Amino acid sequence: VDASPTPIGPSVTPFVPTSTYTPHPPTRTLTPTIASPTTPPDTQPPPVPDPISPSGNPTLGCSSTITLNWGAVSDPSGISEYRVQLGRHSGDGNWAPPPNNVYAGITGTSVSVEVECGWYYRWRVRAIDGADNWSNLSSWAYFVVSLE
């Protein structure tokens, strides 16, 4: 059997493929990536701040404001704010919150608070870190604002 093409007409020969073309998918180079270690979320509260002054139950002169001071604390997430609570009594030992008894959003280590002459006061402070973890409240610090 002859496999050569048979002429169809004077000069036309049918097309007979001699090889087949197989397209190749594009070559992809994979670059390995090394995953960075994930840092676990911060769930630890910051340390408890220490009240510095006034404390120890001093009697202060009559004034409408007193500045409370405490020691700074640090935390891996940073400290976003301090909060102070204030309590008072008139000499009967029945502690109650004064009208403005919580001071929030304090970024430093002191705050001026409103007081009235003739009252006994106590205050405490806590820190809040950048991951919104709250420290425990400090122990109470005491002072008296005299009538004079």
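The values are calculated or read from the model by the stated rules, or taken from the named source; none is laboratory data. It should be emphasised that the depicted structure is a prediction, and the values quoted were computed from it without experimental measurement. Glycine also receives a Cβ, built like all others from the backbone with ideal geometry; neighbour counts cover every protein chain displayed. In case anyone asks, the SASA skips ligands and DNA or RNA and just uses the protein heavy atoms, side chains included. Shrake-Rupley method; radii C 1.70, N 1.55, O 1.52, S 1.80 Å.
Return yes or no: is residue 32 at pLDDT below 95, assigned to a loop (DSSP other than H, G, I, E, B) and open to solvent by 100 Å² or more (accessible area, probe 1.4 Å)? Walk me through it before giving the result.
Values: at pLDDT below 95: yes; assigned to a loop (DSSP other than H, G, I, E, B): yes; open to solvent by 100 Å² or more (accessible area, probe 1.4 Å): yes.
Yes, satisfied.
Of all the residues in region 40-70, those that are under 20 Å from the mean Cα position of the chain (by Cα) and modelled with pLDDT of 95 or more number 6. With (1) closer than 14 Å to residue 119 by Cα; (2) in contact with a strand residue (DSSP E or B) (Cβ under 9 Å, 6 or more places away or on another chain) as the list, and residue 94 as the residue in question, which single condition is left unmet? It fails just one condition, (2).
Sub-7 Å Cβ pairs linking a first residue in region 132-144 that is in contact (Cβ under 8 Å) with a residue 12 or more places away in the chain to a second residue that is of a type outside the set (Phe, Trp, Tyr) and open to solvent by 70 Å² or more (accessible area, probe 1.4 Å), at least 6 apart or interchain, are 133/43; 133/44; 138/50; 142/57; 143/57; 144/57; 144/59, ordered by first then second residue. Write out, first by first residue and then by second, each pair whose Cβ atoms fall under 6 Å of each other, whose residues are 6+ apart or on separate chains, and whose first residue, in region 68-88, is closer than 13 Å to residue 138 by Cβ and among the β-branched types (Val, Ile, Thr) while the second is in a loop (DSSP other than H, G, I, E, B) and open to solvent by 20 Å² or more (accessible area, probe 1.4 Å). Cβ pairs passing all conditions: 73/47.
Applying a threshold of 9 Å to beta carbon distances and a minimum spacing of six or more residues, or different chains, the list of pairs starting in region 28-41 at a residue that is under 29 Å from residue 131 (Cα atoms) and ending at one that is modelled with pLDDT of 70 or more and part of a loop (DSSP other than H, G, I, E, B) reads 41/131.
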